[in-house]
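Scroll down for the structure; my scribbles are underneath it.
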């Protein structure tokens, strides 16, 4: 069963158990996936990579909104956004631990032959592709910076 069908089943379950907040998050996922399917140049079926990118974008939006709400002392709205982000994250692959991420990036640094922080572009290009869905881009970039600075 694909992600779209899984989301539909979970929407039905959330409706039956009257989980309003979870239902909102699931409907947001469904809307984003439908939008991705109907975009210009998109095929009828979404690849798992595209699905992951859509979900990551939704999580990132929710977290950024929560930060803004916290800055404006609106903890109630921030809490709602963070809850939705947690619901969406359940459909993403498991994120790498910091240790796994550092180990993988060190291997990539050696492979591309990076010698200094000036080589960040080379490393990020490879790391972003290999670690897509396994770690947030922001975390990847920070780790690459840290590793290249220690060379």
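Any read-out appearing in this document is the output of simple, stated calculations on the displayed coordinates, not a laboratory observation. All values reported here derive from a predicted model rather than from experimental measurement. Don't worry about glycine lacking a Cβ; one is built from the backbone with ideal geometry, like all the others, and counts go over all protein chains shown.
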Treating the angle as unsigned and between 0 and 90°, give the value, to the nearest 10°, between the Cα long axis of helix 137-149 and the longest Cα principal axis of the chain. 10
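For 45, 67, 81, what ranking results if the residue with the fewest other Cβ atoms within 10 Å of its Cβ goes first? Let's see the in-between values first.
Working: 45 9, 67 13, 81 21.
Fewest-to-most ranking of 45, 67, 81: 45, 67, 81.
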Most mobile of 72, 61, 95 in a GNM of the chain (Cα contacts under 10 Å): 72
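Under the Kirkwood approximation for Rh and a Cα-based Rg, what ratio Rg/Rh is obtained for the stretch 98-149? Don't jump to the answer; show the numbers that get you there.
Numbers: Rg = 9.5 Å, Rh = 10.5 Å.
So for the stretch 98-149, dividing Rg by the Kirkwood Rh gives 0.90.
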Roughly speaking, what is the centre-to-centre gap between the stretch 100-151 and the stretch 1-71 when only Cα atoms are used, to the nearest Å? 29
Amide N of the stretch 27-46 lying under 16 Å from the label point, which is placed 7 angstrom from the Cα of residue 5 along Cα→Cβ: 45-46
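Per DSSP H run of n ≥ 4, the term is -39500 (n - 2.57); total these for the chain, divide by its residue number, and report the mean residue ellipticity at 222 nm rounded to 500 deg cm²/dmol.
Working: 7 runs with 111 residues, N = 151.
The helix contribution divided over the chain gives -24500 deg cm²/dmol.
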Can you tell me the Rg and Dmax of the stretch 64-142, counting just the alpha carbons, in angstroms? 16.3, 48
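Stokes-Einstein at 20 °C, 1.002 mPa s, Kirkwood radius from Cα pairs: D for the stretch 17-81 in µm² s⁻¹?
On the way: Rh = 13.3 Å.
Value of D from the Cα-based Kirkwood radius: 162 µm²/s.
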Stretched out fully, how many nm does the piece from residue 119 to residue 12 gain, at 0.36 nm a residue minus the Cα gap? 33.6 nm
Based only on other Cβ atoms within 10 Å, what is the fewest-to-most ordering of 123, 54? 54, 123
Only counting other Cβ atoms within 10 Å, I'd like 148, 35, 26 sorted with the fewest neighbours first. 35, 148, 26
Would you mind computing, in nm to one decimal, how far apart the modelled labels at residue 71 and residue 36 are, each placed 7 Å from Cα along Cα→Cβ? 2.7
